[in-house]
C-alpha cells in the first residue's frame, strides 16, 4: 500500500539496506521499460500506460464496490487523505485503486510505486481478504525498494541529465514528466545529477 509521501523519498539509512547493484538495476529497468514501450531513453513514462502494458487495471476509488457508505466517505474525505493507492487482487486480476483526492502528479507516484512492487516481484508480508478482494502489505525494505524503483522509472538519471543539459526549467520539467516538484528535486539530489551538472557547467 502506498502511503502519504509524494516524493517517493527513501532515507539514507534505509538506502544502505539495499542489496548490492539494486540502484543500477533500477536504472536498467527504467531504460528497458522505455525500450519496450518504444520510447526514447529520456522520454516521460506514463504510469497508466505502463500499467496497461503490464495488464494491470487502474481504478478510481469510487469504482470499488462493497464498501459501506461511512467507510467510503471517510476514505475519500480530508481525514482519509493519508492513503494513496493500494494493489488488490480480484478474479485473477491485479487492480490498483487510487485516491481520487490526490493531484495527478501524486497519483503518478502512487501508481508507479504499486507497479514497482509488481516489477520487483515482492512477496506480501500480510494478506487480507475483504468483499472478494485480496489486499497485501509489504515489509519496510520492500516499500523502500518500491519507492526507489518508482522514482527511477519516472525520473531516471538519463532523463535528469537530459533535462539539465538542455536547460529545461524545473516548472517545465515537472509539467512534461507529470511529477511533483518535490519528487523532481529529490531525484536530482539522490541520483548525483546535481553534482555532475555542477562540474560540467561553466
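Every residue, every condition in (1) modelled with pLDDT of 95 or more; (2) in contact with a strand residue (DSSP E or B) (Cβ under 9 Å, 6 or more places away or on another chain); (3) farther than 18 Å from residue 31 by Cα; (4) outside any helix (DSSP H, G or I), yes or no:
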| residue | (1), (2), (3), (4) |
| --- | --- |
| 141 | no, no, yes, no |
| 153 | yes, no, no, no |
| 159 | yes, no, no, no |
| 175 | yes, no, yes, no |
| 187 | yes, no, no, no |
| 194 | no, no, yes, no |
| 198 | no, no, yes, no |
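The number of residues in region 100-116 that are over 15 Å from residue 179 (Cβ atoms) and either exposed (fewer than 15 other Cβ atoms within 10 Å of the Cβ) or at pLDDT 95 or above (or both) comes to 1. The listed residues are 97, 88, and the only one of them that is at pLDDT below 80, touching a strand residue (DSSP E or B) at 6+ places or on another chain (Cβ under 9 Å) and not in a loop (DSSP other than H, G, I, E, B) turns out to be 88.
Among the residues making up region 12-62, those that are without any contact (Cβ under 8 Å) to a residue 24 or more places away in the chain and either exposed (fewer than 12 other Cβ atoms within 10 Å of the Cβ) or touching a strand residue (DSSP E or B) at 6+ places or on another chain (Cβ under 7 Å) (or both) are 12, 13, 16, 19, 20, 21, 24, 32, 35, 36, 38, 40.
The values are calculated or read from the model by the stated rules, or taken from the named source; none is laboratory data. All values reported here derive from a predicted model rather than from experimental measurement. Neighbour counts are summed over all protein chains in view; Cβ atoms, including those assigned to glycine, are modelled from backbone coordinates with ideal geometry.
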